[in-house]
1. Give 435, 358, 448, 387 a once-over and let me know the one that is in contact (Cβ under 8 Å) with a residue 24 or more places away in the chain and either surrounded by 18 or more Cβ atoms within 10 Å (Cβ to Cβ) or under 30 Å from residue 88 (Cβ atoms) (or both).
2. Exactly one condition in (1) touching a residue at least 24 places away in the same chain (Cβ under 8 Å); (2) part of a strand (DSSP E or B) is false for residue 229; which is it?
3. Going residue by residue through region 412-433, is there one that turns out to be closer than 30 Å to residue 17 by Cβ and in contact with a helix residue (DSSP H, G or I) (Cβ under 6 Å, 6 or more places away or on another chain)?
4. Does residue 195 satisfy the criteria of being over 30 Å from residue 319 (Cα atoms), surrounded by 15 or more Cβ atoms within 10 Å (Cβ to Cβ) and touching a helix residue (DSSP H, G or I) at 6+ places or on another chain (Cβ under 9 Å)?
5. Using the structure shown, decide if residue 20 is buried (at least 21 other Cβ atoms within 10 Å of the Cβ) and in contact (Cβ under 8 Å) with a residue 40 or more places away in the chain.
6. I'd like the residue in region 160-190 that is in a loop (DSSP other than H, G, I, E, B) and out of contact with any helix residue (DSSP H, G or I) (no Cβ under 7 Å at 6 or more places or on another chain) and, out of all such residues, is farthest from residue 24 (Cα to Cα).
7. I'd like the residue in region 406-422 that is assigned to a strand (DSSP E or B) and modelled with pLDDT under 90 and, out of all such residues, is surrounded by the fewest Cβ atoms within 10 Å (Cβ to Cβ).
8. Anything in region 100-120 that is modelled with pLDDT of 90 or more and more than 22 Å from the chain's Cα centre (by Cα)? List them, or say none.
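The values are calculated or read from the model by the stated rules, or taken from the named source; none is laboratory data. All figures in this text were calculated on a predicted structure; none of them were measured in a lab. All Cβ positions, glycine included, derive from the backbone under ideal geometry; neighbour counts span all protein chains shown.
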């Protein structure tokens with residue numbers, strides 16, 4: 001990998017992010033009557049889109065909003081402008097990452113029309129609530145404003161075509177309600193809330209979420225590693241792998257995800273108990289096996305819509321052999337329009353022969369071909385044997401190349417290290433199929449007991 005490309009400057013990147021940050025600050029204070037600084041930020045946002053197709057509409061929206069005369073359509077234009085800027089940042093970063101890893105990228109195709117909602121009134125109602133949020137700003141939110149979403153969310157959840165937006169609004173409203181009143185917040189998560197607001201506003205437009213049509217996958221799936229995301233009430237496992245089509249066409253990178261709700265008491269290795277029943281791929285990952293797929297639904301973005309009926313366990317497959325042999329020639333997937341955001345960048349990479357050091361923040365740094373590449377060990381889940389200490393002593397790494405705060409970094413999924421002159425590997429998803437590790441087995445048993453108690457209590461409530 002050409003690590004030198006990851007440290008080079010990208011023209012226009014800082015200016016685009018500065019325009020986004022300025023708008024986020026204005027949104028924090030509210031867009032009903034923007035202050036001079038907020039008005040200047042709106043103008044800067046419009047200027048950043050100068051020369052692009054929506055330039056005129058964004059300029060009008062910025063002018064009206066700065067004058068305190070904005071309507072819902074103006075807020076839609078501002079949300080689109082912000083999304084477009086972050087999309088351009090995403091594209092520049094992924095292009096640089098693709099050049100650094102030297103893999104081919106899939107060709108983009110035109111989006112296919114999705115299912116259209118039967119009721120546009122619900123979309124208009126959601127947009128009206130989001131506009132009220134924008135006028136109040138994050139500093140101006142209170143329980144009355146936030147609760148205004150309850151009825152529209154309940155109605156939207158009943159319609160499948162609107163469920164994606166409904167779930168987003170539901171989680172957003174809960175997060176805002178937990179932070180009310182906004183005037184008392186010590187710190188406002190301006191980027192995060194602006195991300196959620198912009199995405200929700202655009203999803204109120206019919207067709208905004210349309211993506212290129214998918215297909216089916218028949219062939220062999222070689223897992224690379226598992227990225228585990230844990231929340232207080234939910235957990236998701238995302239398996240990254242290389243798919244080799246049975247028809248002999250080029251291999252490509254794919255992902256398969258499973259998400260489940262979870263109680264607060266289930267943590268650590270116990271998380272796998274909640275996830276395993278929903279995706280047989282996790283057992284294959286834990287056992288170091290490939291999967292044979294037959295007609296598995298897959299999106300144009302490389303996301304396998306996992307169904308155990310279309311998969312069976314295959315032969316043994318070492319992720320490090322896959323990374324050394326199959327990964328370099330695998331095609332990187334395209335990204336759906338609304339998913340073009342720097343936070344979504346997660347490029348599978350394989351590193352070896354690097355020098356190890358410790359950064360100023362105490363985390364490992366891999367020096368690849370003379371260029372430092374930070375390693376984020378904070379993303380390593382406790383539900384596996386992989387540890388920061390193992391990463392710091394490693395000689396090879398399968399990971400995800402990510403970007404944040406102006407820097408590319410690596411999130412380890414698995415590492416190889418030498419112990420007593422023998423090479424051993426440690427994987428973040430090694431316990432997905434179960435474990436004999438003492439600490440892991442203890443956590444599994446505790447989770448089993450906790451889940452059994454919760455199920456018994458739930459059954460008792462239902463019987464009543």
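1. Among 435, 358, 448, 387, only 435 is in contact (Cβ under 8 Å) with a residue 24 or more places away in the chain and either surrounded by 18 or more Cβ atoms within 10 Å (Cβ to Cβ) or under 30 Å from residue 88 (Cβ atoms) (or both).
2. Against the list (1) touching a residue at least 24 places away in the same chain (Cβ under 8 Å); (2) part of a strand (DSSP E or B), residue 229 comes up short only on (1).
3. yes
4. Yes, satisfied.
5. Taking the combined requirement at face value, the residue satisfies it.
6. Once the filter is applied, the top-ranked residue is 178.
7. Residue satisfying both the conditions and the ranking: 419.
8. Of everything in region 100-120, just one residue is modelled with pLDDT of 90 or more and more than 22 Å from the chain's Cα centre (by Cα), namely 102.
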